[in-house]
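Data first, discussion second: the structure below is written as structure tokens.
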């Protein structure tokens, strides 16, 4: 089965964002991936509700919104109203993860949990049946264009074992440093969703690159 491809708009040309969105709409990509950063949880600031709303108005594919922010509970409803179809929060920022996950689901969005590179998979054993996806960061969050952390392969395998052993329906998503070389290895390790930014948006032919990622089996 082909992986779900989610181009990360953080790497898009923001002076020509509508053009970039139209390209993804025409491509074989499945989702738009939106990284929301607050400058507190991660050392960078990206965009918030106004940009998300504008993207939602012209995106023809689901919005996969990754909240790299402290106290995400305060903003779940607003991001849902802004157009988020999937909302993922960091394990590291949630004091009551079960409540946060169910608040996302109650909003009508799919719920995801994100693990930073240093956070072990086994910490999700009590919540894995309640989430729709787990996003493994394969770089330290905050900036695009970083080098892929190879330990991610093993984390993917461990997460797949946890999902299968618990009967969870969760998808495995990976974000950070994904390219045409490591993507097949990630899919072989059980990954369902590939988030790619620079690999797509700096390519000579972004649509062809998306097609290559989509054809991985």
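The values are calculated or read from the model by the stated rules, or taken from the named source; none is laboratory data. Nothing here was measured: the structure is a model prediction, and the numbers come from that model. Glycine gets a Cβ as well: all are built from the backbone with ideal geometry, and neighbour counts include every protein chain shown.
Can you give me the number of residues within segment 119-129 that are buried (at least 19 other Cβ atoms within 10 Å of the Cβ) and over 11 Å from residue 171 (Cα atoms)? Spell out how you get there, then give the answer.
From segment 119-129, those buried (at least 19 other Cβ atoms within 10 Å of the Cβ) are 121, 124, 127-128; that's our starting set.
Now drop any that are not over 11 Å from residue 171 (Cα atoms), which leaves 121, 124, 127.
Of the residues in that region, 3 qualify.
Hey, among 60, 92, 53, which residue is surrounded by fewer than 18 Cβ atoms within 10 Å (Cβ to Cβ), in contact with a helix residue (DSSP H, G or I) (Cβ under 7 Å, 6 or more places away or on another chain), at pLDDT 95 or above and not in a loop (DSSP other than H, G, I, E, B)? Quick ask: steps written out before the conclusion?
On the way: 60 fails: not in a loop (DSSP other than H, G, I, E, B); 92 fails: in contact with a helix residue (DSSP H, G or I) (Cβ under 7 Å, 6 or more places away or on another chain).
None of the other options fit; the residue is 53.
From the list 200, 163, 216, which residue is assigned to a helix (DSSP H, G or I), in contact with a helix residue (DSSP H, G or I) (Cβ under 8 Å, 6 or more places away or on another chain) and touching a residue at least 60 places away in the same chain (Cβ under 8 Å)? Can you show your working first?
Numbers: 163 fails: touching a residue at least 60 places away in the same chain (Cβ under 8 Å); 216 fails: assigned to a helix (DSSP H, G or I).
Result: 200 is the single residue among 200, 163, 216 that is assigned to a helix (DSSP H, G or I), in contact with a helix residue (DSSP H, G or I) (Cβ under 8 Å, 6 or more places away or on another chain) and touching a residue at least 60 places away in the same chain (Cβ under 8 Å).
Among the candidates 42, 65, 114, which residue alone is at pLDDT below 95, within 16 Å of residue 10 (Cβ to Cβ) and in contact with a strand residue (DSSP E or B) (Cβ under 7 Å, 6 or more places away or on another chain)?
On the way: 65 fails: at pLDDT below 95; 114 fails: at pLDDT below 95.
Unique residue meeting the criteria: 42.
Is there a residue in segment 18-34 that is surrounded by 18 or more Cβ atoms within 10 Å (Cβ to Cβ), in a loop (DSSP other than H, G, I, E, B) and out of contact with any strand residue (DSSP E or B) (no Cβ under 7 Å at 6 or more places or on another chain)? I'd like the intermediate steps shown before the answer.
Keep residues of segment 18-34 that are surrounded by 18 or more Cβ atoms within 10 Å (Cβ to Cβ), which gives 20-21, 23-24, 27, 29-34.
The next check asks that each one be in a loop (DSSP other than H, G, I, E, B); those that pass are 27, 29-31.
After this cut, where a residue has to be out of contact with any strand residue (DSSP E or B) (no Cβ under 7 Å at 6 or more places or on another chain) as well, the list is 27.
Yes, the conditions are met somewhere in segment 18-34.
Mind checking which residues of segment 130-152 are out of contact with any helix residue (DSSP H, G or I) (no Cβ under 6 Å at 6 or more places or on another chain) and assigned to a helix (DSSP H, G or I)?
Matches in segment 130-152: 152 only.
Is at least one residue of segment 130-147 at pLDDT 95 or above, closer than 21 Å to residue 65 by Cα and loosely packed, with under 14 Cβ neighbours inside 10 Å?
Scanning segment 130-147 turns up no residue that is at pLDDT 95 or above, closer than 21 Å to residue 65 by Cα and loosely packed, with under 14 Cβ neighbours inside 10 Å.
A quick yes/no check of all residues on (1) outside any strand (DSSP E or B); (2) under 20 Å from residue 62 (Cβ atoms):
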position	(1), (2)
112	no, yes
118	yes, no
123	yes, no
155	yes, no
174	no, yes
177	yes, no
191	yes, yes
194	no, yes
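So if I check each of 78, 99, which one is modelled with pLDDT of 95 or more, part of a helix (DSSP H, G or I) and touching a helix residue (DSSP H, G or I) at 6+ places or on another chain (Cβ under 7 Å)?
Numbers: 99 fails: touching a helix residue (DSSP H, G or I) at 6+ places or on another chain (Cβ under 7 Å).
Of the residues listed, the single one that is modelled with pLDDT of 95 or more, part of a helix (DSSP H, G or I) and touching a helix residue (DSSP H, G or I) at 6+ places or on another chain (Cβ under 7 Å) is 78.
Does residue 12 satisfy the condition of being crowded, with 19+ Cβ neighbours inside 10 Å, at pLDDT 95 or above, within 26 Å of residue 69 (Cα to Cα) and in contact with a strand residue (DSSP E or B) (Cβ under 7 Å, 6 or more places away or on another chain)? Spell out how you get there, then give the answer.
Values: crowded, with 19+ Cβ neighbours inside 10 Å: yes; at pLDDT 95 or above: yes; within 26 Å of residue 69 (Cα to Cα): yes; in contact with a strand residue (DSSP E or B) (Cβ under 7 Å, 6 or more places away or on another chain): no.
When the stated conditions are applied, residue 12 does not pass them.
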